[in-house]
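To start, the structure under review is shown below, and the notes come after it.
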């Protein structure tokens with residue numbers, strides 16, 4: 001693994017030089033205060049996502065209803081180009097129907113996986129993954145590695161567009177967030193969750209080869225972006241946990257992920273144009289994250305999400321145990337479905353102590369499901385906005 005990679009030089013682009021803007025919107029200031037873990041500061045108001053909008057429309061939702069949710073405005077600009085649940089390939093795999101199975105169809109998706117979908121419906125549910133593109137070194141090189149080159153015209157053009165957008169955001173005081181598809185998520189999409197666990201033992205050299213290419217892609221993109229921008233955050237989509245703990249062992253995390261993470265984080269810190277800016281490293285864990293928090297903190301991770309309450313996460317407990325980390329998530333979707341009394345109890349038990357602590361961004365712990373009625377969600381938003389002042 002090389003310590004640092006370079007994609008293209010700053011002189012290759014007609015972009016303005018880096019400047020530290022003195023402009024900052026009220027929403028951006030509010031979000032930055034949250035990251036400073038300021039006690040009794042107003043909560044930045046946003047939501048994780050929605051799986052309920054069709055149902056809410058049937059219940060009378062309009063554009064005016066949306067305004068009542070009271071979300072805060074633009075305060076953070078995310079830079080992509082590094083995948084999320086899957087690596088961003090250039091070119092992607094062709095999306096083709098492999099087999100018609102009556103009510104279902106087997107499809108090769110953009111990431112090379114064979115996926116069983118409902119016919120004519122490919123979103124809004126958990127699909128069944130039947131096969132994955134990497135099984136050994138031969139399939140790694142034949143199917144995937146050549147799609148992960150740092151200097152393809154398509155990848156460079158995507159990076160240029162992202163930087164131009166982010167420069168505008170930076171000049172308005174917005175936080176700049178580099179989104180990164182985490183190593184575990186990336187490996188799982190290449191090999192499959194079950195197959196991957198065997199591969200850690202059966203072919204560790206293949207795992208390291210895949211991770212070296214992951215590092216090259218991510219570090220090259222960051223090196224390019226940091227010619228013009230100062231990062232406020234690097235956000236790893238990892239999904240490393242399930243209901244009772246981490247999906248792979250701490251030893252596996254340390255051996256196969258941490259060397260690459262450590263080098264990437266070091267490189268990002270060295271390249272910061274504004275050396276005074278604190279860099280936050282966020283881990284999206286899913287599941288019960290208590291066991292992995294101290295592990296990732298060894299590398300400097302200082303923000304975690306989404307604290308799924310159904311997996312026994314407790315933001316109040318974690319906030320007391322780690323007073324120096326920023327916490328996002330922690331709103332129990334099941335409580336939102338139960339109605340006003342349950343919501344009031346949650347406000348008292350979660351919002352009140354976390355407001356006193358600071359450093360908390362409350363969102364539904366994994367998107368709002370359709371079981372949450374529009375009426376209940378409006379009541380929740382009314383109560384949440386009491387902490388917005």
- Message: Rounded to the nearest 5, what % of DSSP beta bridges with both residues in the chain are antiparallel?
- Response: 40
- Length added when fully stretched, residue 203-residue 54, from 0.36 nm per residue minus Cα-Cα: 49.1 nm
- Neighbouring Cβ atoms within 10 Å as the yardstick, rank 74, 140 fewest first. 74, 140
- Sorted by Cβ density within 10 Å, fewest first, the residues 288, 137, 89: 137, 288, 89
- Pick out which of 187, 53, 295 has the largest mean-square fluctuation in a Gaussian network model of the chain, springs linking Cα atoms closer than 10 Å. 53
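Arrange the following residues from fewest to most other Cβ atoms within 10 Å of their Cβ: 71, 186.
Arranged by neighbour count, lowest to highest, 71, 186 become 71, 186.
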- Task: Give the relative contact order (percent, whole number) for the range 122-199; include only Cα pairs under 8 Å separated by 6+ residues.
- Result: 39
- Could you compute the FRET efficiency for residue 270 and residue 126, with r as their C-beta to C-beta distance and R0 at 30 Å, rounded to 0.05? 0.15
- Item | Computed E for residue 277/residue 168 - FRET, C-beta separation, R0 22 angstrom, nearest 0.05 | 0.75
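In percent, how large is the relative contact order of the chain, given Cα pairs closer than 8 Å and 6 or more residues apart?
23
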- Task: Determine the calculated [θ] at 222 nm for the chain from helices alone, applying -39500 (n - 2.57) to every DSSP H run no shorter than 4 residues and normalising by the residue count; nearest 500 deg cm²/dmol.
- Result: -10500 deg cm²/dmol
- Message: Need the C-alpha centroid separation for the range 82-132 versus the range 218-269, integer Å.
- Response: 26
- Task: Figure the gain on full extension for residue 24 and residue 158 (residue separation times 0.36 nm, minus the Cα-Cα span) and round it to one decimal in nm.
- Result: 45.6 nm
- residue 151 versus residue 66: modelled label distance in nm, points set 7 Å from Cα along the beta carbon direction: 4.3
- FRET efficiency estimate (nearest 0.05) - Cβ-Cβ, residue 255 to residue 312, R0 30 angstrom: 0.65
- Along principal axes, largest first, the alpha-carbon spread of the chain in whole Å comes out as 58, 57, 41
- Message: Can you tell me the length gained on complete extension of the stretch residue 78 to residue 97, counting 0.36 nm per residue apart and subtracting the Cα distance?
- Response: 3.6 nm
- Item | Estimated distance in nm for a label pair at residue 41 and residue 388, the labels positioned 7 Å out from Cα along Cα-to-Cβ | 1.8
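We did not get these values from a lab; they are worked out from the coordinates using the rules stated. All values derive from a computational prediction rather than experimental measurement. Using ideal geometry, Cβ is built from the backbone for each residue, glycine included, and neighbour counts are taken over all protein chains shown.
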